[in-house]
1. Relative to the longest principal axis of the chain, what angle (0 to 90°, nearest 10) does the C-alpha long axis of helix 24-44 take?
2. Hey, which lysines would be in cross-link range of residue 191, C-alpha to C-alpha under 26 Å, not counting anything within fewer than 8 residues on its own chain?
3. Quick check on the chain: helices-only [θ] at 222 nm, where DSSP H runs of length 4 and up contribute -39,500 (n - 2.57) each and the sum goes over total residues. Nearest 500, please.
4. Compare 51, 148, 204 in a GNM of the chain, Cα atoms joined below 10 Å, and give the one with the largest fluctuation.
5. Give me the net charge for the shell around residue 163: Cβ to Cβ below 13 angstrom, other residues only, Lys and Arg +1, Asp and Glu -1.
6. In the neighborhood of residue 138, defined by Cβ-to-Cβ distances under 13 Å, what is the net charge if each Lys or Arg adds +1 and each Asp or Glu adds -1?
7. Candidates (1) 0.95; (2) 1.64; (3) 1.08; which is the computed Cα Rg over 2.2 N^0.38 Å?
8. GNM on the chain, C-alpha springs below 10 Å: top fluctuator among 173, 185, 45?
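The values are calculated or read from the model by the stated rules, or taken from the named source; none is laboratory data. Remember, it's a predicted structure, so these values are computed and weren't measured experimentally. Quick reminder, even Gly has a Cβ in these numbers, built from the backbone with ideal geometry, and neighbours come from all protein chains shown. SASA here: full protein model, heavy atoms, side chains in, ligands and nucleic acids out. Shrake-Rupley method; radii C 1.70, N 1.55, O 1.52, S 1.80 Å.
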Amino acid sequence: MSLNHVYTRQSKMVRALWNFLTSPTGAFLIAVSAILIGYYQFYISRPILKYTTQTTEISSSDENDDFKIHINGKDYPQIYKTTVTLKNSGEDALSGSDVSAIGHDPIRIPLPPRVKILYCGINNSETSSDVSAKLIRKNNAIIIEFNYLNPDNQIAVNLFSTDKYQNFQIVGSAVNVNKITQAWSPAQTRKFIIRLIAGLILFYALFIYLYVRRHKPLPRI
């Protein structure tokens, strides 16, 4: 194969690619890509608050000299410990002063009337070391106050109850935070990414196929 043939073939490929990029179809796909990238950058460039919950059953031992559960002067044969974790998954820090004030829409854990909370407290081992947080019990809710919540920082709250309740959530609002949502599990995240990639591949492949079909040279008679 001669160099001229290789050069001609490469020139045709470059010209075909340029024609595609400057065509209405190419311009449309470029615009869609720019919108998707811009939306992602806008979405991630602010505080994104998500929460997770994990419930564990704790039981006392039947032996007199073994493990006992003693809270506020009373022994319990069995309790449930739920850890509710608030995390900033965005790329911007959230100041505690930017959170809605108490009486409006503060960041809080609503407590159902039928659920009796024996004790609540900050889980220091699972809370980011540079976060200073405190809890306030008010109006069937546990309000979470903090100084700053930097990206990837989190606050973990332990709730101890005699009721097996696993649907605790965190609600509230702040500057650039309209809603706090429950974080997806790794399996849910993986499934979403796979479906998103597959959808984008099919979307782009369809438009490229239609473009190639429209511009395919007609057979010579």
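1. 20 degrees
2. 50, 87, 179
3. Helix contribution divided over all residues of the chain: -11000 deg cm²/dmol.
4. Taking springs between Cα atoms under 10 Å, the residue moving most is 204.
5. Net charge around residue 163: +3.
6. +2
7. Label of the calculated value: (2).
8. 185
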